[in-house]
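See structure below.
The values are calculated or read from the model by the stated rules, or taken from the named source; none is laboratory data. These numbers were taken from a predicted model, which means no experiment stands behind them. Virtual Cβ from ideal backbone geometry, glycine too; neighbours counted across all protein chains shown.
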Amino acid sequence: MSEYNVFDYVPIAIMFLVAAGFGASQLLVTQLIGPRKRTAIKLMPYECGKDPIGTARDRFSIKFYTVAVIFLLFDIEVLFMVPFAVSFKYLISQGKAVFGAVAFIEILVFVATLIVGYIYVWKKGTFDWGLQARAEARTEAKAMANARRQEASNLQKAA
């Protein structure tokens, strides 16, 4: 039975201290030497590339949700690929090339399926966040503002 030694965990503690120190130093440096121009646009909350105009109950474009789902899919892909790489190394070291070849073909089919899906969503325009999307958001925001003004003037006339 091995003995428990607290000093075995010192490298992990050092890693956490270095990580926390790096984060704190980056915050401190940006506060000390960063520009301090506070404008109304910079102080506005930023929400997924869409200007925060209107209520929280507004409908959002389906692109926001599809990008989130695609991100999750590719994130899960990485979670499958790392253990596969470890087990593939073990299969190759066993000496039988059959297991390694079958595993390699399986992962190639997996990656090919993901690439086909990626090409599909790319062709559908899911990743197209160009000037057209911003122009649509501005037009939508102006229409909402005009509707609110009209509603407010109607309420004033009625009162």
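Got at least one residue in the stretch 39-49 being at pLDDT 75 or above and in a helix (DSSP H, G or I)? Walk me through it before giving the result.
Keep residues of the stretch 39-49 that are at pLDDT 75 or above, which gives 39-40.
Imposing the further condition that a residue be in a helix (DSSP H, G or I) reduces the set to none.
The answer is no; no qualifying residue exists.
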>> I want to confirm something. Restricting to the stretch 115-159 and keeping residues that are in a loop (DSSP other than H, G, I, E, B) and touching a residue at least 12 places away in the same chain (Cβ under 8 Å), which single residue is surrounded by the fewest Cβ atoms within 10 Å (Cβ to Cβ)?
In response: Trp129
> What number goes with the only condition from (1) assigned to a helix (DSSP H, G or I); (2) among the aliphatic types (A, V, I, L, M); (3) surrounded by 10 or more Cβ atoms within 10 Å (Cβ to Cβ); (4) at pLDDT below 85 that Ile53 does not pass?
Replying inline: (1)
> Among the residues of the stretch 100-114, is there at least one that is free of Cβ contacts under 8 Å to residues at least 24 places away in the same chain and closer than 24 Å to Trp129 by Cα?
Replying inline: no
> Only one of (1) modelled with pLDDT under 75; (2) over 20 Å from the mean Cα position of the chain (by Cα) fails for Ser61. Which number is that?
Replying inline: (2)
